[in-house]
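Take a look at the structure below.
Please treat every number below as a calculation from the coordinates, not as lab data. This is a predicted model, so every value here is computed, not measured. Here the Cβ is made from the backbone with ideal geometry for all residues, glycine too, and neighbour counts use every protein chain on show.
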Amino acid sequence: MRVEIVPCLRDNFAYLVSTDNRPECVVIDPSEAAPVERALERCGLTLTAILNTHHHHDHVGGNSQLKLSRRGLDVFGHTSDRGRIPEQTRFLEHGERFEVVGLEFSVLHIPGHTTGAIAYIVEGAAFTGDTLFAAGCGRLFEGTPRDMFESLNQKLARLPDETKIYCGHEYTVNNLRFAAALEPTNQAVARKLERVLERTGRGEPSVPSTLADERATNPFMRTDSAELRASLRLSETADAVSVLAATRAAKDKF
Ligand code: ZN
Ligand code: FE
């Protein structure tokens, strides 16, 4: 499998996903059409489908224009996003599998950021939109802290450690600085920040992360950490969902 990272807008990522031996690809979350068209041309790929992780404009903004010149294009999203994702033709449920461009994708429904948020899992990679970021998670616009807790720590956390995480935004440096503020002695956070600063300093994207990295560095997947709880002035017996809620509230003000 090949993943071409397509920076869009100010800090969004779209992704072209293809197999090495075929000239077609899907695009995940085309924020805008122009950079996606340029990437298709550069890679010599034709577009077969759009996969949207959720309905926000910075993830679906390119749908209509991409579809304009490709009438047969399928547009995938969660079933509950009917009417919110432009041009949607496929309405997915949690656990559903589908095949496109020779790749088998499976769907995890991961509400929290929005009610219709989904992740696409394919060949050892997870495209997580604005639910799981490298070292962070999306704001709780339509979900509860419990929704986000279950999405991150029960659904996504079940994937293997080596799963590559491709998220919707380049927020990694800021997220790691927040993680370091909550867990100043966490060496995995310090090392990852160093690595990511090196990469972004060269103008390269910080993605992909891995699920192992997220378990070690992402405060929203580290609700058991005694140091994180102490930083938030929560007791060692506080339940994990309220730890996630307090972490999210602190990040909103960071
Ligand atoms: Zn969003
Ligand atoms: Fe977004």
(message) Taking the Cα centroid of the stretch 149-192 and of the stretch 205-250, what is the distance between the two, rounded to the nearest whole Å?
(response) 9 Å
(request) With a 10 Å radius around each residue's Cβ, average the other Cβ atoms per peptide and rank 124-131, 14-21, highest first. (result) 124-131, 14-21
(request) Please get the size of the charge dipole for the stretch 63-218, origin at its Cα centre, with Cβ charges of +1 on Lys and Arg and -1 on Asp and Glu, quoted in debye to the nearest 20. (result) 280 debye
(message) Can you tally the net charge around Leu197? Count Lys and Arg as +1, Asp and Glu as -1, for every other residue whose Cβ sits under 12 Å from the Cβ of Leu197.
(response) +3
(message) Can you compute 3J(HN,Hα) from phi for each residue in the stretch 139-151, using the Karplus curve 6.51 cos²θ - 1.76 cosθ + 1.60 with θ = phi - 60°, rounded to whole Hz and x for Gly and Pro?
(response) 5, 8, 6, 10, x, 9, x, 5, 3, 5, 4, 5, 4
(request) Please give the calculated 222 nm ellipticity per residue for the chain, where each DSSP H segment of at least 4 residues contributes -39500 (n - 2.57) and the sum is spread over every residue; nearest 500 deg cm²/dmol? (result) -9000 deg cm²/dmol
(message) For a bin width of 10 Å, list the pair-distance distribution of the stretch 109-251 built from all Cα-Cα distances, rounded to whole %.
(response) 13, 45, 36, 7, 0
(request) Would you please give the residues with an amide H less than 5 Å from that of Thr19, counting only those at least 5 places away or on a separate chain, with H modeled from the backbone geometry? (result) Arg2
(request) Please find, in a Gaussian network model of the chain (springs between Cα atoms separated by less than 10 Å), the residue of Arg139, Arg84, Arg191 whose mean-square fluctuation is greatest. (result) Arg191
(request) Please arrange Ile121, Ile110, Ile165 by counting, for each residue, the other beta carbons lying within 10 Å of its beta carbon, fewest first. (result) Ile121, Ile165, Ile110
(request) Would you work out the relative contact order for the chain, in percent, from Cα pairs under 8 angstrom that are 6 or more residues apart? (result) 13 percent
(request) Specify the residue with the greatest mean-square fluctuation among Thr46, Thr237, Thr172, computed from a Gaussian network of the chain linking alpha-carbon atoms under 10 Å apart. (result) Thr237
(message) Just to be sure I understand the model, the point goes 7 Å from the Cα along the line to the Cβ. What's the resulting Phe254 to Thr89 distance in nm?
(response) 4.1 nm
(request) Be a star and scan the stretch 204-219 for residues whose amide nitrogen sits under 12 Å from the point 7 Å along the Cα-to-Cβ vector of Arg191. (result) 213, 216-217
(request) Rounded to whole Hz and in sequence order, give me ³J(HN,Hα) for the stretch 72-84 from the Karplus expression 6.51 cos²θ - 1.76 cosθ + 1.60, θ = phi - 60°, writing x for Gly and Pro. (result) x, 4, 7, 10, 9, x, 5, 4, 6, 8, 3, x, 10
(message) Let me check I have the definition right: for the chain, take the eigenvalues of the Cα gyration tensor, multiply each by 5, take square roots. What are those semi-axes in whole Å, largest first?
(response) 31, 20, 15
(request) Just grab the label-to-label distance for Gln154 and Thr237, each label 7 Å out from Cα along the Cβ direction, in nm (one decimal). (result) 2.4 nm
